[in-house]
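A.B. asks: Can you keep this structure in mind? I'll have questions shortly.
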Amino acid sequence: TRILVARGVKQKDGQVEHVILLRETERKVGTLRGDGSMDFKERDFYTKVKNNEVICELKPYIPPQSGYTIYGEPIPGKLLGEKRFKIGKNLVPSEQNEYIYVAGSDGVLQIDSSNKISVENKVFIKKDVDLNTGNLNINGTVEIAGSIQPGFHVQATGSIIVHKSIEDASVEAEGDVIVHHGIIGKDKDSCFI
């Protein structure tokens, strides 16, 4: 005959409320061409997102439950999860799941220094458009504090504002193109606005 003398209870771990980024944001150094060479102008400096595209998931708080050993000693449950990201502006709960957040409009995915995730429809480039940024293709407006260097391409669904100049570059905007210092082109095929 089996007689139960003592029984323990396994603890249940909980989780802290935290946000998981679901949208891939990997930046590339360039794009590999068919001949095996690298095009350093195609870098995907910003991650474009569309309206209603899934961006992140909010994991709700779940309290831990303590267990105990066969001697009645408590075994505390742990709080799992890492508070790395925060939900920023232009992210809205999905209609299908309140914990899934989607983009509230077309734009670019930005994560600031405090790890706040936002969808912005205006991008500010602090310097020139050059090999550091690569070509830009932005959902929204782009403002460039410097110049667009020769051979680069900037495309935006909004306006393009250049505080210095456009030098032998290609620029396409569905909104306005505003250039503060001027446009320089060697011939009609090298500079396109």
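A.B. asks: Looking only at the stretch 37-47, count every residue that is of a type outside the set (Asp, Glu) and surrounded by fewer than 16 Cβ atoms within 10 Å (Cβ to Cβ) and tell me the total.
C.D. replies: Counting residues in the stretch 37-47 that are of a type outside the set (Asp, Glu) and surrounded by fewer than 16 Cβ atoms within 10 Å (Cβ to Cβ) gives 3.
A.B. asks: For the stretch 167-193, which positions are open to solvent by less than 60 Å² (accessible area, probe 1.4 Å) and either of a type in the set (Ser, Thr, Tyr) or in a strand (DSSP E or B) (or both)?
C.D. replies: 167, 170, 171, 173, 177, 179, 182, 190
A.B. asks: May I pose another question? Here are some residues: 115, 137. Which one is without any contact (Cβ under 8 Å) to a residue 40 or more places away in the chain and either of a type in the set (S, T, N, Q) or in contact with a helix residue (DSSP H, G or I) (Cβ under 9 Å, 6 or more places away or on another chain) (or both)?
C.D. replies: Result of the check over 115, 137: 115.
A.B. asks: Can you pull out every residue in the stretch 71-81 that is without any contact (Cβ under 8 Å) to a residue 60 or more places away in the chain and in a strand (DSSP E or B)?
C.D. replies: Across the stretch 71-81, the qualifying residue is only 74.
A.B. asks: When you scan the stretch 105-124, do you find a residue that is within 14 Å of residue 53 (Cβ to Cβ), among the aromatic types (Phe, Trp, Tyr) and modelled with pLDDT of 90 or more, even just one?
C.D. replies: No: zero hits.
A.B. asks: Additional query: Within the set of pairs 6+ apart or on separate chains, which have a first residue in the stretch 82-99 that is touching a residue at least 40 places away in the same chain (Cβ under 8 Å), a second that is among the hydrophobic types (A, V, I, L, M, F, W, C) and part of a loop (DSSP other than H, G, I, E, B), and C-beta atoms under 8 Å apart?
C.D. replies: That search, which allows pairs on different chains as well, returns 82/16; 83/16.
The values are calculated or read from the model by the stated rules, or taken from the named source; none is laboratory data. These numbers come from a predicted model, not from an experiment. Neighbour counts are summed over all protein chains in view; Cβ atoms, including those assigned to glycine, are modelled from backbone coordinates with ideal geometry. For accessibility, only protein heavy atoms count, side chains too; no ligands or nucleic acids. Shrake-Rupley method; radii C 1.70, N 1.55, O 1.52, S 1.80 Å.
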